[in-house]
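One structure is given here, and the rest of the page talks about it.
The values are calculated or read from the model by the stated rules, or taken from the named source; none is laboratory data. Every value quoted in this text rests on a predicted model; they were computed, and no experiment measured them. We place every Cβ from the backbone using ideal geometry, glycine too, and count neighbours over all the protein chains shown. Note: areas computed on protein heavy atoms with side chains; ligands, DNA, RNA excluded. Shrake-Rupley method; radii C 1.70, N 1.55, O 1.52, S 1.80 Å.
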Amino acid sequence: AEFGKQWYQRRVRGGVAVSDRHPYLFSCGEDKQVKCWDLEQNKVIRHYHGHLSAVYSLSIHPTLDVLCSVGRDSTCRVWDMRTKSCIHTLTGHTNTVADVLTQATEPQIITASHDTTIRLWDIVAGKTRATLTNHKKSIRSLVLHPSQYTFGSASADNIKQWRCPEGEFIQNLSGHNAILNTLAVNQDGVLVSGADNGTLHFWDWKTGYNFQRLQSQVQPGSLDSEAGIFAMKFDKSGSRLITCETDKTIKIYKEDESALEEPINWKPDLLRKKY
């Protein structure tokens, strides 16, 4: 409620990131602004100015006091969290940059764009170290595996897995035939993809097996077309999945404790590593 007093003038379609090392929450929106909120004082304490259009995603570096933001101006901006200065403006994408990841190991910054490419960045030089061009359609989401040195990307063509640091292609996860907005993965290797049509697909990270599919139920009074999944995350335990949906709801899913292991008759696609 306190945040509502100073909230954005325009609707927020963008990112929120909470620091593990500071009492700070960062937010961004379609008003081109990036803000730092002090969670102890419940107020904005810093603004980061520089984006020329809407800002869609944020990522806080796990070990450095650095914040990365991406958006419709086709750039990734690297900010000094404390001084508010822009350390780098990473250019090279030719369309909206939809998502950004940061990690302590190389590549420390990964971006995904509607230009169908993923770029791995050298944070020191501020330059591209690799460009991944395997996707054929806009990429809307990235996710880091919590323990493996790998990451995933979501597009309308399929989900792809990559190995760091060079971005070596691992495999395709095909079958979620929709516009994918978001990915989430937990410590047990359960990958979830959420789509514009309200479908959730659950995958085994290692094999790429799609072991469960769900259709989100819209809130009573909402249209069936308002079943889209905009964003989702696992909680710290990895057993609860939290989704943000088009019908203005936040839903929490938990594991089915009564579910039993069943033998499956499934073989991986032998052609999946060719592209």
**Study point:** Count - residues of the stretch 197-246 that are more than 20 Å from Phe151 (Cβ to Cβ), assigned to a strand (DSSP E or B) and open to solvent by 50 Å² or more (accessible area, probe 1.4 Å)
**Key:** 9
Check your understanding: Which of the residues belonging to the stretch 75-92 are open to solvent by 20 Å² or more (accessible area, probe 1.4 Å), within 15 Å of Leu120 (Cα to Cα) and not charged (D, E, K, R)?
Key -> His88, Thr89, Thr91, Gly92
**Study point:** Check on Ser27, in contact with a strand residue (DSSP E or B) (Cβ under 8 Å, 6 or more places away or on another chain), without any contact (Cβ under 8 Å) to a residue 40 or more places away in the chain and within 17 Å of Ser113 (Cα to Cα)
**Key:** no
Review point. What residue, of Ser59, Ser74, is within 23 Å of Pro23 (Cα to Cα) and of a type in the set (Gly, Ala, Ser)?
Key: Ser59
Practice item. Those residues that are open to solvent by 40 Å² or more (accessible area, probe 1.4 Å), more than 16 Å from Cys76 (Cα to Cα) and in a loop (DSSP other than H, G, I, E, B), I need them from the stretch 111-152; list them, please. Key: Thr133, Asn134, Lys136, Lys137, Ser138, Pro146, Ser147, Gln148, Tyr149
Review point. Taking the stretch 31-66 on its own, how many of its residues are over 18 Å from Leu142 (Cβ atoms), open to solvent by 20 Å² or more (accessible area, probe 1.4 Å) and assigned to a loop (DSSP other than H, G, I, E, B)?
Key: 14
